[in-house]
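K.L.:
If you scroll down you'll find the structure; I have some questions about it.
The values are calculated or read from the model by the stated rules, or taken from the named source; none is laboratory data. The model shown is predicted, which means the values in this text are computed figures rather than measured ones. Glycine gets a Cβ as well: all are built from the backbone with ideal geometry, and neighbour counts include every protein chain shown. With ligands, DNA and RNA removed, areas are computed over all heavy atoms of the protein, side chains included. Shrake-Rupley method; radii C 1.70, N 1.55, O 1.52, S 1.80 Å.
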Amino acid sequence: MMKQLTALLLCALLALAPALAEGGAILDGRWLNADIQGNVTEDTPAELKDDFGLFVNKDWILQAQIPAGESKTGTMEDVMRTLKDRQIALMKDDSLTGHDAELVRKLYALVSDWDYRDAQGVEPAMPVIEALRRIDSLEAVTAYLCDRSNLKRNYPLAMAVGADFIDPDIYITQIGTPALMLQDSAEYTQRTQAGELYATMYEQLGTYVLTRLGYSEDEAAQVIENAFALDALMAEHVKPMATHYQADYFASLLNYYSPEELQALAGDFPILDMLQAYGLKVGQRFLVTEPDYIAALPQIYTEENAALLRDWMTLKAALAMGTMLDRETYKQVEAISNALMGVTGESSDDDNALQSVLNMLPVPMDNLYIQAYCTEQQRQDMLDIIGDVVAYYRTMLESVDWLGDETREKAIEKLDNLRVNAVYPDALGDWSALDFAGMEDGGSLLAANAAVQDYVNGLQSDKIDTAVDKDKWDQLTMQTAQVNAFYNPQNNSINIMAGILSGNIYNEDMSYAQKLGGIGTVIGHEISHAFDTNGSQFDKDGAISNWWTAEDYAAFQARAAKLAAWYDGFIPWEGASYSGQQVQTEAIADMGGMKCLLAIAAQQENFDYDAFFREFATVWRMQSLPAYLVTLVASDTHPMRYLRTNATLAQFDDFIDFYGIQPGDGMYVAPEDRVAVW
Ligand SMILES: [Zn+2]
């Protein structure tokens, strides 16, 4: 069987790896895709005026090593590494006291003690598998899903609690579509490289884990076939990802139902029972993101499809449990995923343990990080830069010539009401009511995982129909120990996480120009999201409401379309195309952020532009395995990193003039061809 598997993997890899540009050919006619490992060699020309990103980063690229078990490396990845190393140290630190530290240690032991896990083998999963195998009717499917003692229950819909989109002061239950195995429903009618990769992954992982859990190879093949058949039935009623980028997307999500109306919409499908079995109480109203899907459930959830439903639940449960059992199962699952993604080597036991502990105990881990690494100085630095950025955007919005007064006023009102979450919350999250059986009490990782899921669902259920405390930083949905900074349109907030504040993005030893080129441009980028195509659909309190006049919105769209068309012209590798529509929002933000920071720079005396631009190019350096870039380009809404540097900087006279860039140089874009929206 192993031989067969290897042969399959090779085929998959050959088919999926993008062809490298031969001899460093510049496919898009402007810049080499320097993100792909192997594209840049000693001989590759790297002139400042032709390819600034490559000029700054070439030496780094030539010596960059993608770590064992990883698919990419770069500045962001280095900062993530620092964060992980700190968290691993916290996870292992026996000197820490308190309930958070105790939970973390108990879970860390369950995750990392391979002797203990090997002694349990696959036994913890067997009650789940036996219960699934007994299913022989639709009634039995329902009974399984409604029995909360089953440790892994996968429902044919998504259920979550969040702030209401229209009245963001109230928590509401959101009903959505299930996660499809091929990620995008469009893959079921027209399969892309990314869809092929996901399909192969489910087939290979499914075959391995199911046989490990006692299925014969024939039985496993049948389970997988049936699971895909059900997924395809569901996909017929799920909107394709492309619709998510359309201007009316958020408005299309606003469909409200009372419990009675929801049950009527779902017909024979026992939706309210499922909700309660999942652990959420029945609230006063539901937000249904895709009512067509819920209305189609009675056609999918039928007696004829009972075997398909059972096998879909079985495959999902098996894959979820595959990483929580003994070492052999864990290692095989990792090896199969790595081979498909082209990842060589294995990630360390510490990294794997950390991932499990973070997934299950996000709030306790976050508390430990805050106590160990967050400082008042970091917070003050962020508040200072945010203050400068907001002040600039106010000036920009006051002066931009294509906005009418009505839209301009609303935009400024939004800016004036911006909430700021800088680095860490005022009060730590409280998970003191959570407990689970540890090693001493014969616990298992799978049982601990189920206990945490129940606990979290309980916390979420308690919120339904209650008021949202907008000034409270909820670490369950937003951990500060993550390498991230983002604008949240749903409460009009800018959020700078502690985890991003290290290495080449921000550190206390940087010059002011470097700080602006690093974390400063990130903050400028994020705040610009308040006013872009997504941000325009949420008002100053985060309620969905389009505050743009039709005329101004059309002007914005015309400018965005010009930008998208320009990005359409980039070719990530031979034979692939690039979607300007997919990346337009983030590209607009990159350029908006740069414009903002350049305005702040212009107010400084003797500003060190060279350090500023180099720092910006350093932030976005990256080396990626080819197969990983295939999945990234298919789904990432951010431009590829070499474009984040070059395409952004080429829009600005401050950059062009500072380095004396001329027509004919690769970094030169004529003023009439520039695409910055702001
Ligand atoms: Zn963004």
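K.L.:
Which whole-number percentage describes the relative contact order of the chain, with Cα contacts under 8 Å and a sequence gap of 6 or more?
P.N.:
23
K.L.:
So what is the relative contact order for the range 122-325, in percent, with contacts set as C-alpha pairs under 8 Å and at least six apart?
P.N.:
Worked out over the range 122-325, it gives 32 percent.
K.L.:
Okay, next question. Lys410: which aspartates and glutamates have alpha carbons under 17 Å from its alpha carbon, excluding same-chain residues fewer than 8 sequence positions away?
P.N.:
Cα-Cα hits under 17 Å: Glu398, Asp401, Asp532, Asp539, Asp541, Glu551, Asp552.
K.L.:
Something else now. Can you tell me the orientation of helix 445-463 relative to the chain, as the angle in degrees between its alpha-carbon axis and the longest Cα principal axis, to the nearest 10?
P.N.:
In the chain, helix 445-463 runs at an angle near 70 degrees to the longest axis.
K.L.:
Still on this structure: With a probe of 1.4 Å, find how much accessible area the range 232-285 has per residue, and write the answer as a whole number in Å².
P.N.:
49
K.L.:
Could you tell me the center-to-center distance, by alpha carbons, between the range 224-258 and the range 56-132 in angstrom?
P.N.:
The range 224-258 and the range 56-132 have Cα centres spaced 33 Å from each other.
K.L.:
Calculate the length of the line joining the C-alpha centroid of the range 587-663 to that of the range 277-301, in whole Å.
P.N.:
First find each Cα centre; the distance between them is then 43 Å.
K.L.:
Report Rg(Cα)/(2.2 N^0.38 Å) for the range 122-325, keeping two decimals.
P.N.:
Its radius of gyration relative to the 2.2 N^0.38 Å reference: 1.05.
K.L.:
Sticking with the crude label model, points 7 Å out along Cα→Cβ, report the distance from Ala158 to Glu123 in nm, one decimal please.
P.N.:
So the two model labels end up 3.7 nm from each other.
K.L.:
By how many degrees, between 0 and 90 and to the nearest 10, does the Cα long axis of helix 609-619 differ from the longest principal axis of the chain?
P.N.:
20
K.L.:
How much length would be gained if the chain were fully extended between Thr375 and Asp169, taking 0.36 nm per residue of separation minus their Cα-Cα distance, in nm to one decimal?
P.N.:
71.1 nm
K.L.:
Label-point separation (nm) for Asp115 and Asp401, each offset 7 Å from Cα along Cα-to-Cβ?
P.N.:
7.6
K.L.:
Additional query: Could you derive backbone 3J(HN,Hα) for the range 566-580 from the dihedral phi with the Karplus parameters 6.51, -1.76 and 1.60 (θ = phi - 60°), listing whole Hz in sequence and x where the residue is Gly or Pro?
P.N.:
Values, residue by residue: 5, 5, 4, x, 7, 10, x, 6, 4, x, 9, 10, 10, 9, x Hz.
K.L.:
How big is the accessible area of His638 in square angstrom, nearest 10, if you roll a 1.4 angstrom probe over the protein chains?
P.N.:
60
K.L.:
Give me a comma-separated list of calculated 3J(HN,Hα) values for the range 516-521, in order, Karplus coefficients 6.51, -1.76, 1.60 applied at θ = phi - 60°, integers in Hz, x for any Gly or Pro.
P.N.:
With the stated coefficients, the range 516-521 comes to 5, x, x, 4, x, 5 Hz.
K.L.:
Return the carbon/sulfur percentage of the accessible area of the chain, one whole number, probe 1.4 Å, all protein chains in place.
P.N.:
49
K.L.:
Let me ask something else. Whole angstrom only: what separates the Cα centroid of the range 305-383 from the Cα centroid of the range 169-192?
P.N.:
What the calculation gives is 21 Å, centre to centre.
K.L.:
Same structure again: Taking a quarter of the surface of the Cα convex hull of the range 532-619, what do you get in nm²?
P.N.:
Mean projected area of the Cα convex hull: 8.5 nm².
K.L.:
Kindly provide log₁₀ I(q)/I(0) values, in the same order as q = 0.10, 0.25 Å⁻¹, from the Debye equation applied to equal alpha-carbon scatterers of the range 29-121.
P.N.:
Taking Cα atoms of the range 29-121 as identical point scatterers yields -0.51, -1.24.
K.L.:
Using a 1.4 Å probe on the protein heavy atoms only, what accessible surface does Met510 show? Give it in Å² to the nearest 10.
P.N.:
Looks like 20 Å² after rounding.
K.L.:
For the pairs Lys106/Lys316; Lys84/Lys106; Lys106/Lys472; Lys472/Lys540; Lys152/Lys281, note any where the Cα-Cα span goes beyond 23 Å.
P.N.:
With Cα atoms farther than 23 Å apart: Lys106/Lys316; Lys106/Lys472.
K.L.:
Based on the Cα gyration tensor of the chain, what are the three equivalent ellipsoid semi-axes, each the root of five times an eigenvalue, rounded to whole Å and given largest first?
P.N.:
Semi-axes (√(5λ), whole Å): 41, 30, 27.
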